[in-house]
Amino acid sequence: MSGPGVPTFDQLQIFLAVIETGSFAAAGRKLNRATSVISYGVSNLEAQLGVELFDREATRRPRLTEAGRAVLAEARTVAQGIDGLRAKVKSMLDGLEAEVHLAVDVMIPSARLGALLRAFNQKFPTVSLRLSVEAMGAVLGLVLERRAVLGISGPLAIEIDEIERVVVGSVELIPVAAPDHPLAQLDSIPPGAGRDHVQLVLTDRSPLTQGRDFGVLGKHTWRLGDLGAKHALLREGIGWGNMPLAMVEADLASGALVRLAMPDHPGAVISLSAIYRRDTPPGPAATWLLQQFIACGEIDKGALGFGEL
């Protein structure tokens, strides 16, 4: 016994039009075709699939059979896929990218990133997004290697000639520890006290800054490649370390972490930069995303009182 044939997209469109309008005649008016053409198209679809889609005898209006209801869901999926394909190709012909690869620093507040990407999805529904979240030099590496068209990086990008840089905000880093950590127990932390305790340090997986330390004070360090893991260990009381204020605000409010008043290590405000290769500037969708990051950076400047970050 042979299997079902392959229906054409036109046959599926006719079938869906009958469902949507409720009759063969109305489907003909919707598609600007004669009723006989609609009936012929449905009959051909039934012949291709080897099943009866409509019960034409029980009522004057075509009613789906059990097989018809099963086919309906798949037909809608195919139609939506074709519509999506046509929209994507049209966008490409209009100059819009098919995909944007964005690399961001792990320090970027997740709420801000989520809001921007939600807006991006609404603005460019046909553009796929590939997101990489990396630490320190790894963002720069992805852009340099042309694996990402746009990056949101720390200040390391200033040193690279091939990279165009636009300031897009800042992140405040503060030293924190669990409330039962020895440093948190001190009424006044003397200079140099942090060197006697384990410092949790975010390490760079990129060779661009391999071997370089940023903000490392302690003689004893645990190095981690993941900011989430660092956060979890800090909450467990395993050492002290710098964290983005936005990421630990809830912990400070609940008492799960405390801010350390270290006279020699009070924290810092680091700038964030959008980076891209000068020889391959971002396309329309990536440029829109860049402008949104720049707008957020202006908010940061006003909030922190900086004219230049």
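Coordinate-derived values only; no laboratory data. Given the structure is predicted, the values throughout are model-derived calculations rather than measurements. Ideal geometry is used to build each Cβ from the backbone, glycine not excepted, and the neighbour counts take in all protein chains shown.
General observations
- Calculated log₁₀ intensity ratio I(q)/I(0) where the Debye formula runs over C-alpha points of the stretch 5-87, q = 0.16, 0.19 Å⁻¹: -0.56, -0.80
- Per-residue packing, averaged as other Cβ atoms within 10 Å, sorts the ranges 174-182, 121-129, 73-81, 135-143 into the order 135-143, 174-182, 121-129, 73-81, beginning with the highest.
- Footprinting exposure proxy ranking of Ile163, Ile294, fewest other C-beta atoms within 10 angstrom first, gives Ile294, Ile163.
- Whole-angstrom gap from the stretch 219-294 to the stretch 107-183, using each part's C-alpha centre: 10
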